[in-house]
Amino acid sequence: MSDCIFCAIVDGDIPGRIVHETEHSLAFLDANPLAPGHTLVVPKEHHARLDEVPADAAADLFAAVNDLVPRVEAAVDADATNVGINNGPAAGQEVDHVHVHIVPRFEGDGGSPIHAVAGERPDLSDEELADIEAAISG
Ligand code: 5GP
Ligand code: ZN
């Protein structure tokens, strides 16, 4: 997509600190990192939402994430990582090209677990849970 910043990095039209490349995926350092080593992994083809990424590219994307996590942790001597996707604007996605965040974490860094991203926790009845289970499993 012509006005997409991540497509521009994939195409080499703007600079990116590229740390890994596969057939379908590219990984580069986040320009405004939440922690040293904060890395973004993107499918080379433009897709806004995760479910729009074709299966082969999605498999490649998650294999790249799997390869990169230990390398990122080792590079910055991190104790752990949070790995996540803001999938849609309501979830905080600002760049509408699918990207997986790998955020290094350090003991006592003052951050939060991924549970902190959602709003107030719902109090769901067994019936509501059963309805959701059925809706997801189809
Ligand atoms: P989102 O909120 O969409 O999940 O995250 C977008 C991420 O892209 C942010 O962490 C932001 O710092 C990063 N970002 C935005 N523009 C650029 C850019 O031009 N280059 C790089 N490397 N990262 C960017
Ligand atoms: Zn794009």
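The values are calculated or read from the model by the stated rules, or taken from the named source; none is laboratory data. Only a predicted model underlies this, so the values are computations on that prediction, with no experimental measurement involved. Glycine gets a Cβ as well: all are built from the backbone with ideal geometry, and neighbour counts include every protein chain shown. Each accessible area value is taken on the protein alone, full model and side chains, heavy atoms only, with ligands, DNA and RNA left out. Shrake-Rupley method; radii C 1.70, N 1.55, O 1.52, S 1.80 Å.
May I ask you to list the residues of the range 78-114 whose amide nitrogen lies under 18 Å from a point 7 Å from Cα along the Cα→beta-carbon direction of Ala31? The answer is 93-102, whose backbone nitrogens lie closer than 18 Å to the label point. For the chain, the spread of Cα positions along the three principal axes, ordered from largest to smallest, is 51, 38, 25 Å. By how many degrees, 0 to 90 and rounded to 10, does the Cα axis of helix 126-137 deviate from the longest principal axis of the chain? Between the helix axis and the principal axis of the chain, the angle is about 40 degrees. Rolling a 1.4 Å probe over the heavy atoms of the protein chains gives the range 5-137 an accessible area of 62 Å² per residue.
As a length-normalised measure over Cα pairs under 8 Å and 6 or more apart, the relative contact order of the chain settles at 23 percent. For the chain, the mean residue ellipticity at 222 nm estimated from helices alone is -9000 deg cm²/dmol, where every DSSP H run of n ≥ 4 contributes -39500 (n - 2.57) and the total is divided by all residues, rounded to the nearest 500. Angle, helix 55-76 long axis vs. longest principal axis of the chain, Cα atoms, 0 to 90°, nearest 10? Around 70 degrees separate the two axes. Computed from backbone phi with θ = phi - 60° and the Karplus coefficients 6.51, -1.76 and 1.60, the 3J(HN,Hα) list for the range 95-110 is 9, 8, 10, 2, 8, 9, 7, 10, 10, x, 10, 10, 3, x, 7, x Hz; x is used for glycine and proline.
For Cys7, neighbours were defined as the other residues whose beta-carbon sits under 12 Å from its Cβ, and their charges (Lys and Arg +1, Asp and Glu -1) total -4. Backbone amide hydrogens, once placed in the peptide plane, bring Arg105 within less than 5 Å of Asp79, Ala80, Thr81, Asn82, excluding anything fewer than 5 places away on its chain.
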